[in-house]
Amino acid sequence: PISTFSFTQFPSPLELELQTRTATKWLPPMSKKTYQVYILKNRMNRRFIGKAEDAQVEYTAHNKGEFKGTKAFKPWQMEWCSDQLSRNDALRLEEELRHHKTNTPMLESITHKHEMGM
């Protein structure tokens with residue numbers, strides 16, 4: 001049967017909640033991609049902090065001069081690299097590290113806490 005909808009007839013709050021619950025069951029699954037956060041350091045003690053699906057590939061690309069922002073400061077060394085993280089966790093960690101990138105003791109503290117699962 002074809003249902004008709006009248007503009008004067010609004011769904012009740014219970015009907016809205018049920019529609020919302022039903023709709024959320026059909027959302028696509030969250031992305032399974034994982035990311036690594038990494039810290040590169042050059043001989044002038046400049047740091048670059050980034051995230052990538054594969055940090056080793058990004059590291060190689062930085063040293064080949066494929067990124068405009070880091071090309072002039074190569075060669076780079078990998079100072080630190082995280083384990084695989086969800087996108088949100090990687091974004092959060094990257095932002096926290098970038099906030100303190102000139103403060104070496106703070107960077108060491110953050111990376112240590114991250115490695116300990118804190």
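Read-outs throughout are calculated quantities, based only on the coordinates presented, and are distinct from any laboratory measurement. The structure presented is a predicted model; accordingly, all values stated were derived computationally and were not measured.
Taken as Cα centroids, segment 104-118 and segment 29-82 sit 18 Å apart, rounded to the nearest whole angstrom.
Using a cut-off of 18 Å between alpha-carbon atoms, which aspartates and glutamates can reach K68, once sequence neighbours fewer than 8 places away in the same chain are excluded? Leaving aside aspartates and glutamates fewer than 8 places away in the same chain, those within reach of K68 are E58. Structure note, pairs K41/K71; K32/K64; K33/K64; K71/K101; K51/K74; K74/K101: Cα-Cα distances above 22 angstrom occur for K32/K64; K33/K64.
Relative contact order of segment 57-118: 19 percent, from C-alpha pairs under 8 Å at least 6 residues apart in sequence.
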